[in-house]
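> Encoded as structure tokens, here's the structure I'll be asking about.
The values are calculated or read from the model by the stated rules, or taken from the named source; none is laboratory data. This one's a predicted model, so the numbers in the text were calculated from it and none came from an experiment. Note that each Cβ is placed from the backbone with ideal geometry, even for glycine, and that neighbours are counted across all protein chains shown. Side chains are part of the model used for accessible areas, which takes the heavy atoms of the whole protein and leaves out ligands, DNA and RNA. Shrake-Rupley method; radii C 1.70, N 1.55, O 1.52, S 1.80 Å.
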Amino acid sequence: MSRVLRLADRLSAAIGWLCARLIVVMVGAGALGAVLRYLAPVLGITPALNAIGDVQWMLFSGVFLLGAAWVLAEDAHVRVDVVYGRLSPTRRAWVDLIGTVVLLLPFCALVLWASWPAVVESVTLREGALDAGGLVRWPVKLLVLLGIGLLALQALVQAVRAVAEIAGRAPAGR
């Protein structure tokens, strides 16, 4: 079991590493779009600003959706720490387990269920850009399913670790 947990952690870490690099590309795309918006008239060129804008929001979507599992694995998500920080490790594990089982996993299931028809329709229709010169949109919609699926997988890993902590066994570390 701990091998599976470590494998899921490594997958989340690899995706987190990728997301960190995508942030740099995203910032570069935004800067390029801003610079080209002002330089294009001077240079007499017509840059594909819609495509650059699409790249930027698609990268942001990818970072947000794919990075969520990594953030959960690293325990770097936003947490109201007023009480949690004062709890014993076992009580923290109970809070984590209840939050994961009652809130996070149902949320993941709901998002997967609600987004499935729209994603399937988008892929089937090969949904394109809404703006002239924009990029196709169906690939980024697949990231919804992939990102939430990865988040659910990492949530299961966290739940197993919380159960191990509650049971008094050393949680399967990374």
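> Okay, helix-only estimate at 222 nm for the chain: each DSSP H run of n ≥ 4 adds -39500 (n - 2.57), divide by all residues, round to 500 deg cm²/dmol; what do you get? Can you show the working numbers first?
Numbers: 6 runs with 131 residues, N = 174.
Only helices count here, giving -26000 deg cm²/dmol.
> Considering only DSSP states other than H, G, I, E and B, which chymotrypsin sites (Phe, Trp or Tyr not before Pro) in region 30-89 qualify as loop sites with at most 14 other Cβ atoms within 10 Å?
none
> What accessible surface, in Å², does a 1.4 Å probe find on Asp75, ignoring ligands, DNA and RNA and rounding to the nearest 10?
80
> Convert each backbone phi in region 158-168 into a coupling constant with the Karplus relation 6.51 cos²θ - 1.76 cosθ + 1.60 (shift: θ = phi - 60°), then list the ³J(HN,Hα) values in order as whole Hz, x for Gly and Pro.
Running phi through 6.51 cos²θ - 1.76 cosθ + 1.60 with θ = phi - 60° gives 5, 5, 4, 5, 5, 4, 4, 5, 5, 6, x Hz.
> Now, a different point. Heavy atoms only, probe 1.4 Å: what % of the accessible area of the chain goes to carbon and sulfur, would you let me know?
Numbers: 7680 of 10780 Å².
The C+S portion of the solvent-accessible surface of the chain is 71 percent.
> Cut-off 10 angstrom, C-alpha nodes, Gaussian network model of the chain. Which of Ala159, Ala76, Ala51 fluctuates the most?
With Cα springs under 10 Å in the chain, the top fluctuation among Ala159, Ala76, Ala51 is at Ala76.
> Further question on the same structure: For the chain, modelled as a Gaussian network with Cα springs under 10 Å, which listed residue fluctuates most, Pro117, Pro41, Pro139?
Pro41
> Averaging sequence separations of C-alpha pairs under 8 Å and six or more residues apart, then dividing by the length of region 25-143, give the relative contact order as a whole percent.
Details: 68 pairs, mean separation 36.8, N = 119.
Relative contact order of region 25-143: 31 percent.
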